[in-house]
1. In the chain, what % of DSSP beta bridges are antiparallel (nearest 5)?
2. How long is the gain from T65 to D191 if the chain were fully straight, where each residue apart is worth 0.36 nm and the alpha carbon distance is subtracted?
3. What is the extension gain from K145 to L104, computed as 0.36 nm multiplied by their sequence separation minus the C-alpha to C-alpha distance, in nm to one decimal?
4. I'd like the FRET efficiency for Q164 and R87, computed as 1/(1 + (r/R0)^6) with the beta carbon distance as r and R0 of 25 Å, rounded to 0.05.
5. Order by neighbour count: W174, W190, fewest other Cβ atoms within 10 Å first, most last.
6. Hey, what number do you get for the chain at 222 nm if only DSSP H runs of n ≥ 4 count, each worth -39500 (n - 2.57), divided across all residues, to the nearest 500?
7. Amide H to amide H, which residues 5 or more places from V131 or on other chains are under 5 Å from it, using H placed in the peptide plane?
8. Give, as a single signed number, the net charge of other residues whose beta carbon lies under 9 Å from the beta carbon of S17, with Lys and Arg counted +1 and Asp and Glu -1.
Amino acid sequence: MRCTTVGLTGGIATGKSSVAELWRVRGAAVIDSDALAHRTLEPGTPTYAEIVRQFGKEILNADGTINRHTLGGIVFADAERRQALNRIVHPAVLEMWRQELPALQAPVKVVAIPLLFEVGAEKEFGRVVAVGCSEQTQLARLRAKGLDERQARARIGSQMPVQQKMDRADFAIWNDGSRAVLARQAEIIWDKLKEN
């Protein structure tokens, strides 16, 4: 079976998950690297042990799990600490999706990776698609998720600018409008991906 591998990226709160879901419904096999990153925080994993060693027991909940909100507060306020966390998590996530990808049975295999260009993973894929929107829209979506202005801006600022991602991608989707407009763009690109 001919297969296209796709790296799906974009800024935080731009709509990557929505695009991935639209493609999943059409027959894509999708790996969500954020979900894999959450697995690296689970007790009993080597990454969990290293994160606790680096960041201390104050990031833990009473049950021993990592409090992602507390950890996020630390790393998004300090670029050095964020890089330290990324050095632990990113190689593990890369290994996880590399292992999962060959086993997927679908004409289009998609790996959603927010920091795809930042970690240099673009060379792993036949095609790269970037999803973008205005910073005002990102801020509004992040506020709707409970972040204040400072927290939202810190998260946006921790990533490569959306326009740079879109410029480097093979295809770009602009998600500042309605769900219907997003779905139409995703459908057009889906048809192109299936042709490759």
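1. 5
2. Full extension of this stretch gives 41.1 nm more.
3. Numbers: separation 41, 0.36 × 41 = 14.76 nm, distance 3.17 nm.
Contour length minus the Cα-Cα distance gives 11.6 nm.
4. Using R0 = 25 Å, I get an efficiency of 0.65.
5. Ranking W174, W190 by Cβ neighbours within 10 Å, fewest first, gives W174, W190.
6. Calculated at 222 nm, the ellipticity per residue is -15500 deg cm²/dmol.
7. Those qualifying (amide H under 5 Å, at least 5 residues apart or on another chain) are T9, G10, G11, I173.
8. Net local charge, S17 excluded: -2.
Any read-out appearing in this document is the output of simple, stated calculations on the displayed coordinates, not a laboratory observation. Not measured: the values here are computed from a predicted model. No Cβ is skipped: glycine too gets one built from the backbone with ideal geometry, and neighbour counts run over all protein chains shown.
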